[in-house]
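First comes the structure, then the notes that go with it.
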């Protein structure tokens, strides 16, 4: 049987966690310590807060793509770019793998690499220019040929050419910024004609990349 308490002010009441008894304890009982009053009030307030949560008005955080999802999205974008520019469909899967592997290794945007491959050689691994530049990323033999020989890099092999080109591009970007790095990859010098040619080259890459310069 539940015990009954009596108070001249509150009259009879059941002892326990009920409204009348708690009110009696908070107001009437002189022996109740301040700390106990505080704990009772805190408990009641906490129960009220959890029972009626207040909206903060903050929208839930948008999940961030993990590394695997970002890689898959970039690979799909590179494949789409190559297909849109008429690259041999049988060659596309290998090109995508090479571009993604080298871009991940050297920390360069794979879409930028794909754009340069398209501008430089239209993704032809056997392309040779009159200026003695070869392969997918048109590695200039006069500048980089000795290093390629020393490191046993086959500039007509898809993976070797892309990786060497991305390595060179990465260093130019690290020294300057993305688009200035692209201009230097083209061979920009202080000569006015070289700067004009480099600017035109950058604009070609930007169009394929989908970059919209500020007006």
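Against the test of being assigned by TED's automatic domain parsing to the domain that holds residue 138 and surrounded by fewer than 16 Cβ atoms within 10 Å (Cβ to Cβ), the options 196, 204 yield a single qualifying residue, 196. In the stretch 82-93, of all residues being under 16 Å from residue 158 (Cβ atoms) and surrounded by 13 or more Cβ atoms within 10 Å (Cβ to Cβ), the one that is nearest to the chain's Cα centre (by Cα) corresponds to 82.
The values are calculated or read from the model by the stated rules, or taken from the named source; none is laboratory data. Keep in mind it's a predicted model, so treat the numbers as computed, not measured. Every residue, glycine as well, gets a Cβ built from its backbone with ideal geometry; the counts of neighbours run over all protein chains shown.
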